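To start, the structure itself, in structure tokens.
The values are calculated or read from the model by the stated rules, or taken from the named source; none is laboratory data. Here the structure is a predicted model, which is why all the values come from computation and not from measurement. Note that each Cβ is placed from the backbone with ideal geometry, even for glycine, and that neighbours are counted across all protein chains shown. To get the accessible areas, we keep the full protein, side chains included, count just its heavy atoms, and leave off ligands, DNA and RNA. Shrake-Rupley method; radii C 1.70, N 1.55, O 1.52, S 1.80 Å.
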Amino acid sequence: MAMPLPHYFTADDVRALPDDGNRYETVHGELLVTPAPGGRHQWALEQLRRILDPYLLEHGVKEILAAPADISFGPDTLLQPDLFVADLDRFRETWRWSDITHLRLAVEILSPSSVRADRFTKRRLYQEQRVPAYWVVDIEKRAIEVWTPDATFPVIERERLLWKHPLIEASCTIELPEVFSE
């Protein structure tokens, strides 16, 4: 019995999909579909943003955004990081997602339906694109996996995470119990 060939999804294919409440992404043609995030996911996202935003703004850096977004590194990739820090100078002139080409930090918060994509598919793409820091936030384990472009294994942070924006001399300290507080 012949198996049908899988569809190779482009960023344009994903943009043409219906707005049905799911998040659609593609990495090297593989379609990733996840339902809308749950409450704990959104709570952790907002806690991280609440901590990172003042750090950036204090130093005059306006570079933090959250999904939904259409970040594309090529014709067969389109991602919607939960939270990201990027060079937004050109984006603020045009308001086109295609003008965001360099992420400084990408954050994905695990959901039951996103574990494989976040830990493997997206992680490999972010490493391939040399994103300096990729965080996988595991709400259940109350930990953040910190990936860098050349890492084979992540650094697992459970208490405190330090992150430094490349244009800022000071580091941002994130107390993880604050992120996971409910």
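Normalising by residue count, region 102-182 has a Cα convex hull of 96 Å³ per residue. Extending 7 Å from Cα along the Cβ direction at Ser113 and again at His59 yields two label points whose distance is 3.6 nm. Peptides 55-61, 108-114, 39-45 ranked from most to least packed give 108-114, 39-45, 55-61, packing being the mean of other C-beta atoms within 10 angstrom over each peptide's residues.
Straight-line cross-link reach from Lys141 at under 12 Å between alpha-carbon atoms covers these aspartates and glutamates, not counting any fewer than eight positions away in the same chain: Glu157, Glu159. Approximating the spin labels as points 7 Å out from Cα along Cα→Cβ, the Ala66-to-Thr152 distance works out to 3.7 nm. In this rough spin-label picture, where each label sits 7 Å from Cα along the Cβ direction, the Arg130-Gln42 distance is 3.8 nm.
Bridging of Lys62 to lysines at a Cα separation below 25 Å is possible for Lys122, Lys164, once same-chain residues fewer than 8 apart are set aside. Based on protein heavy atoms only, region 1-159 ends up with 53 Å² per residue of surface accessible to a 1.4 Å probe. Measuring nothing but protein heavy atoms, the accessible surface of the chain at 1.4 Å probe radius is 55 percent carbon and sulfur. Computed about the Cα centre, the dipole magnitude for the chain is approximately 240 debye when only Lys and Arg (+1) and Asp and Glu (-1) carry charge, each at its Cβ.
Let me make sure I get this right: for the chain, a, b and c are the square roots of the gyration tensor eigenvalues over alpha carbons, sorted descending. Under 1.5 in a/c it's rounded, otherwise prolate if a/b > b/c, else oblate. Which is it? In terms of gyration-tensor shape, prolate.
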